[in-house]
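Input: a single structure, listed below in structure tokens.
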Amino acid sequence: MTARAGEPFDVTRATSDAEAALSAPVPTAGPTTSEGEPATGEWTATRGEGFLLLPLWESGALTGVYGPEWNDAEAAAEANLTALVTELDRRWGPHRTVSMRVPLHRSRAGTSLPEPFRTLTAKDCYGDLTVWGPVPPAGPLGGPSAGPPAAPRWFALSLNQSDGDAPMLITALVSTRPITEPADQG
């Protein structure tokens, strides 16, 4: 469960959260650490060297949901992702896709992965990444930043589900390095 559990999807809020994440602190060194909601411990973010991973939306529980109802839930989650991708394409330009095929294969084979892919697979975030970048930092009202130029950042979204009964989750990844598919080692 994440701190987003129970929130209805709202593309305006998700877009605002995505833009806020671009200016959030990203560690330049140190261990990868997860953060939780103080009262509940539900996941709010994971930070590691050069990246920030956070949930933007979580579906309702899918325990006992099968057949057409599960298909409807999956379609609704995909529609939420599409709405957010469409809005970010409008703001930041066209995205590209980075496959999670190699990280999934390497993870299952026990082969090491670079960050942020190690953390994505540890969090069961195997959905392909929709990537923009480098993304210009946002200023007030979503316009360009008026301050000094910030270090470039890359941004990615993915739709994930850790198992058939788990909620669907849209995650955001902010990186200080280009997000590219790691090499297949085997």
So if R0 is 41 Å, what FRET efficiency would ALA150 and ASP184 give, r being the distance between their Cβ atoms, rounded to the nearest 0.05? 0.80
Integer Hz, Karplus 6.51/-1.76/1.60 couplings in order for the range 88-94, x for Gly and Pro: 6, 4, 4, 7, 10, x, x
Determine ³J(HN,Hα), in whole Hz, for all residues of the range 107-112 in sequence, where each value follows from phi through the Karplus function 6.51 cos²θ - 1.76 cosθ + 1.60 and θ = phi - 60°; x replaces Gly and Pro. 5, 5, 7, x, 7, 5
Between GLY60 and residues 5 or more places away or on another chain, which pairs have amide H atoms under 5 Å apart, with H built 1.01 Å from N, and which residues are they? none
Express in % the proportion of alpha carbon pairs of the chain at distances exceeding 28 Å. 23
Spelling out what I want: for every residue of the range 158-169, take phi, set θ = phi - 60°, compute 6.51 cos²θ - 1.76 cosθ + 1.60 (Karplus), and round to whole Hz; glycine and proline get x. 8, 9, 9, 8, 6, 7, x, 9, 6, x, 7, 9
Full-extension gain in nm, GLU87 to ASP165, via 0.36 nm per residue minus C-alpha separation: 25.2 nm
Can you figure out the FRET efficiency of LEU104 with ARG13, using R₀ = 41 Å and their beta-carbon distance, to the nearest 0.05? 0.85
Please check: in the Gaussian network model of the chain (C-alpha springs, under 10 Å), which one of LEU81, LEU104, LEU169 has the largest mean-square fluctuation. LEU104
Scan around GLY36 for amide H atoms under 5 Å from its own, H built in the peptide plane at 1.01 Å from N, and keep only partners 5 or more places away or cross-chain. THR44
Express the relative contact order of the chain as a whole percentage, based on alpha carbon pairs under 8 Å and six or more residues apart in sequence. 26
Can you tell me which of THR28, THR44, THR97 moves the most in a GNM of the chain? Springs connect C-alpha atoms under 10 Å apart. THR28
Considering only GLY36, GLY127, GLY50, give the residue with the highest GNM mean-square fluctuation for the chain, with springs between Cα atoms whenever their separation is below 10 Å. GLY36
Going by Cα centres, the range 42-63 and the range 148-176 are how many Å apart? 8
What do you get for trypsin sites (Lys or Arg not before Pro) in the range 1-58 restricted to DSSP loop and a cutoff of at most 10 other Cβ within 10 Å of the site's Cβ? none
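Throughout, read-outs are computed from the coordinates displayed, never taken from laboratory work. The model shown is predicted, which means the values in this text are computed figures rather than measured ones. A quick note on method: Cβ atoms are made from the backbone with ideal geometry, for glycine too, and the neighbour counts reach across all protein chains shown.
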